[in-house]
Amino acid sequence: MDEVFLAGDIGGTKTRLAFYSMANGAFDPLEEKTFPSQEYPSLEEIVQTFLPDKPYNLIGASFGLAGPIIGSRARVTNLSWVVEESTLSDALGSIPVILLNDLHAISSAIPYLKSEDLDTLIPGDPTPEGAKGVIAPGTGLGEGFLLWTEGRYQPYPSEGGHSSFGPETPLQLELLNYMDPIFGHVSYERVCSGMGIANLYTFLRDGKGFDEPPWLGEQLAEVEDPTPIIAKAALDNKAEICTQTMELFVSILGSEAGNLALKVLATGGIYLGGGIPRRILPLLRGENFRLAFTDKGRFAKMLCEVPVYVITHPQAGVFGAACYGLQLQGEQFPR
């Protein structure tokens, strides 16, 4: 049987799993499948659903998870799961298992992404071997970075998405004052993610009096996740409240991406990952994002030189988990 490696991208909404051949590397998955995370009580159950009757010799696995990894254990943000390397290893036949923060996994993919996997928002003038920042709004908000170390880029995770939201405009200050009594602590994740888009919409509707068209209210009432409906209505210019919601989101994302560029001195570029940016490219290409990204006072000129890319690879998280895991298995490159 072929020797294979299992990689996974575990988020609050979806879990993606894929098998990779040790012979072919991370660019060519043998088999992949997506599962609705919240319909399963644990990652072990999803893995055991994916595994049966596969004609492979499984020799290792790595999983990127939305949440901090403490030792060999993780509590997945926005899910009730607690994941442990030892428990997963037992479920997979006692093979080596590695847990990664999801941004660690996405960051691991960046050195191996091809030109067709990126869309350039700001060309900038990247510094060779300069630090790179990664910000990824999906169900939540992840942040990470890469530093050039010992001849290659080394990824590092963070929980920067849970840092305190800092308003940049009078409207954003109103947003903070609206949300603070509700949440107590308003992080960037509360306003710059899938759940954040829902919060922005509610603020504009209930806090600012924006009209919600009946057809829109009916559609939103039928779904658990309103983000795709809000984003599509904004892209199609069908509802002013959705247009304003996404403009506010883009401004906040641009501002926090600029904050990250300053914090890690990301002269090698900022990369936007997660499920949302690649789906709202027309909105990100407007002036709104660029102006918010570079509006940093004395450092505005420096930020104009920082390139910004959108990761358009549809499976960057699982690809990155595979790249990292295969390297630890002795594969120096994902092929």
For the subset of segment 137-152 comprising residues that are closer than 16 Å to Leu100 by Cβ and at pLDDT 95 or above, which member is most open to solvent (accessible area, probe 1.4 Å)?
Phe145
Looking at segment 78-85, can you tell me whether even one residue there is open to solvent by 20 Å² or more (accessible area, probe 1.4 Å), under 26 Å from Glu256 (Cα atoms) and not charged (D, E, K, R)?
yes
Taking His185 and the conditions (1) closer than 22 Å to Lys14 by Cβ; (2) assigned to a loop (DSSP other than H, G, I, E, B); (3) over 15 Å from the mean Cα position of the chain (by Cα), which numbered condition does it fall short on, given that it satisfies the others?
(1)
Taking helices (runs of 4 or more DSSP H) that do not extend beyond segment 235-335, which have at least 2 residues that are closer than 24 Å to Gly12 by Cβ, among the aliphatic types (A, V, I, L, M) and open to solvent by less than 10 Å² (accessible area, probe 1.4 Å)?
240-264, 316-328
Criterion first (crowded, with 17+ Cβ neighbours inside 10 Å and either touching a Gly at 6+ places or on another chain (Cβ under 9 Å) or closer than 30 Å to Lys301 by Cβ (or both)) does Ala105 satisfy it?
yes
Tally of residues being outside any strand (DSSP E or B) and among the aromatic types (Phe, Trp, Tyr) across segment 42-70:
1
If we keep just the residues of segment 71-105 that are in a helix (DSSP H, G or I) and of a type in the set (Asp, Glu), which is nearest to Gly317 (Cα to Cα)?
Asp102
Any residue at all in segment 159-170 that's over 20 Å from Leu284 (Cα atoms), free of Cβ contacts under 8 Å to residues at least 40 places away in the same chain and in a helix (DSSP H, G or I)?
yes
Select from segment 86-102 the residues that are more than 16 Å from the chain's Cα centre (by Cα) and not aliphatic (A, V, I, L, M) and write down the one among them that is least open to solvent (accessible area, probe 1.4 Å).
Ser89
Could you say whether any residue in segment 216-227 is outside any helix (DSSP H, G or I), farther than 23 Å from Thr13 by Cβ and either open to solvent by less than 70 Å² (accessible area, probe 1.4 Å) or not aliphatic (A, V, I, L, M) (or both)?
no
Could you please find all residues in segment 108-130 being open to solvent by 50 Å² or more (accessible area, probe 1.4 Å) and not acidic (Asp, Glu)?
Pro111, Lys114, Ser115, Thr120, Pro123, Pro126, Thr127, Pro128
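The values are calculated or read from the model by the stated rules, or taken from the named source; none is laboratory data. It should be emphasised that the depicted structure is a prediction, and the values quoted were computed from it without experimental measurement. Cβ: placed from backbone, ideal geometry, glycine included. Neighbour counts: every protein chain shown. Side chains included, ligands, DNA and RNA excluded: accessible areas come from the protein's heavy atoms. Shrake-Rupley method; radii C 1.70, N 1.55, O 1.52, S 1.80 Å.
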